[in-house]
Each structure stands twice: as structure tokens, then as C-alpha cells.
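Notes follow the structure.
The values are calculated or read from the model by the stated rules, or taken from the named source; none is laboratory data. Because the structure is a prediction, the values reported are computed rather than measured. Positions of Cβ are backbone-derived with ideal geometry, glycine not excepted, and every protein chain shown enters the neighbour counts.
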Amino acid sequence: KGDTKLMNNEPIVHTALGSATAGIVSRLFTHPLDTAKARLQAPTVASVNSGSSAPKTYHGVVDVLTKTFRKEGIRGWYRGFGAVIVGGTPGTMLYLCSYEIAKERLSSTKKDFSGELMVHFSSGMLAEAIACIVYVPVDVIKERLQVQRSITLAEGSVAGSNHYNGGMDALKKILRTEGLSGIYKGYGATMASFGPFSAIYFSLYEQFKGTTRQYLRRNSTSRDTTDPIEMEEIPFPHLVACSATSGAIASWLTSPLDMAKLRLQIQRGNLASHGPNAPSNSATSYNGMIDCLRTVFRQGGIRGLWVGAGARVLHFAPATTITMVSYERCRDYFATTLST
């Protein structure tokens, strides 16, 4: 029975329900921005074929959303959304539950983790490592669906085994052509991208929340009568500011890693679709994440590494804000409702 509770004996079901609700709400509002980010970071057809830089297909987030809507309608904005909801919802539950459990366990081992910053950093990294068991297959399917339409439109064809008709079709074709390793081969690259993001995000988020609590206590006009338990619930505007700032900083810092992860996933998909008869120049060859970062830097400099960073920030700042604010509020709601 002890394993079914966390966070000061709060039943884990409250955390699970809160995180599931938060994940759905967040993705509903921010998925179009994630699609824009993926298409900005994906290599252009010309650069894929030539191995060098090429004129951009899109010029910023607004341009991506406008052209996508014009050619594909609202469905273009939400390509891969089904896979995200079906797989991402349990992924979010696993992610936040793992984080809370890891934070509680690591906080109790003061001799190993003397500072709260290290506890939150490590908890974020551990939570991502566990959640990636679910996130990686979803991410692979989602991003291939998001970018395939723009690539096939540019090539003037929609034929080929790399054309997917929805999430289940993508899953079947990836398993058939690449095997189980096809949906998990990007685990290392995903962890290299989202592991640091989660670690940085939770470190900043928890630090900002702690600083906010101290500020509110210090500036309270009824400091002597304020119940410290009541002060644990940060007012909505302050909570939004803490999460949005943390999400913006963490997503911008890790944008090059996310770009490399995406290109490696696309490369694996291209190679799998062409098979052994693929021409030598059919895809830019990246030998891992470090080589991808070096190649992009050589072709586009610092700006090339941070291509799509604006879209990533515009996606993750509101996404993490909606997720965490909804999670904390929904968790408290379910705790109150289910306890009565």
C-alpha cells in the first residue's frame, strides 16, 4: 500500500488523473505549433538531395501555418494528433508520476542529494528516461506524419512506402519495413534532446515556485496569520509565469538537440522507404547526433543550429504552462472530489 501514495500521502491516482487531463488539454491547443516546429526543422528536399543548404520552404511559424492551412486545411495542422493523444496521454501520466515519485525518493536521501536543484534536475532526467518508453514511438509516428506531406508536395508525388495514412498505418509500415527497432532506434537521440529539457525545466520551475512562495510570504499583509499550508498553493498568474518562463528557457537552450533528433528520425524513415537500392545522395547522411550537429553547423552556422527555435519556444512555453497548471489544479481537484 505504501507504493500507491506519493507527495505527502496523496494517492497516486490523483496524480495520474491530473496528468492525463493536463496532457490532453495541452496538446489540443498547442499541436499546430508543434507541427510548425517540425516542418521548420525538417531538411528541405533540395538539401536532402544535394547534401548542402538550400532555399527555405518556410519563413517562420506564421508562414508554415498559413501555407499548411492553404494546402491541407485544418487537418494539416493536426497531422499526428491521433497518435499523440493515444500514446501521449499515458506517456504524460507516466512522466509526471515518475517525476513526483523520483522527487520524493531523492529528497529523502539527503546524504546523496544535498541540494534541491540537483534533486529536481535528476528527477526530471529520470522521469524522461522512463516516459520515453512510451514517448519515443509516439514521437516517431507523429513527426513522420507531420513532415511527410510537405516533403511529398515538394517532390510532386505522394507515392511510396513512406506515405502514411494515419497513425496506425504509420505504425504498421514502420514495423514492417524497420522492425521494432524502427520505433525505438531514436530512444538515445530523444533522451539526448528531451532529457536535458526536462532536467532544466523542472530545475527552473521548482526554483521559480520556491522563490515565488518566499516573495508572497514576505509581502503578505497578514504574515502573522497566514496559514503556511494555504501559501503552498501559488496564485494562478504566478504559476503561469513560473511555468512559461521555465518552458521558454529550457526549450530554447535545447533546440539544437531537438532539431538533430528530428533529422535523424527523418533520415531513418527515408532510408527505410528507399531500401537497399537507395541512391547514395538520396539522404544527407548523419552518423549520430554529434555528426548531425556538426553538419548543420557547417552548412548553416549558429543560425542553422537554432532553426525552428522560435517555433519550439512558441510551442513549449504554452504547452508546458497548460500542462503543469492544468496538472496541479486538476490533481488538487481530483484529490478534493475523490476524497469526499
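Quick notes on this one:
- Remark: pairs (first residue in segment 110-129, at pLDDT below 95; second residue among the β-branched types (V, I, T); Cβ separation under 7 Å; 6+ apart in sequence or on different chains) = F113/V119.
- Test: residue in segment 272-290 that is in a helix (DSSP H, G or I), surrounded by 18 or more Cβ atoms within 10 Å (Cβ to Cβ) and at pLDDT below 80: yes
- Within segment 226-249, the set of residues being surrounded by 13 or more Cβ atoms within 10 Å (Cβ to Cβ) and at pLDDT below 90 comprises T226, M231, I234.
Listed here are the residues, each with its yes/no results for (1) basic (K, R); (2) within 15 Å of A83 (Cα to Cα); (3) buried (at least 16 other Cβ atoms within 10 Å of the Cβ); (4) at pLDDT below 85.
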| residue | (1), (2), (3), (4) |
| --- | --- |
| G23 | no, yes, yes, no |
| L33 | no, no, yes, no |
| K37 | yes, no, yes, yes |
| T44 | no, no, yes, yes |
| S50 | no, no, no, yes |
| K56 | yes, no, no, yes |
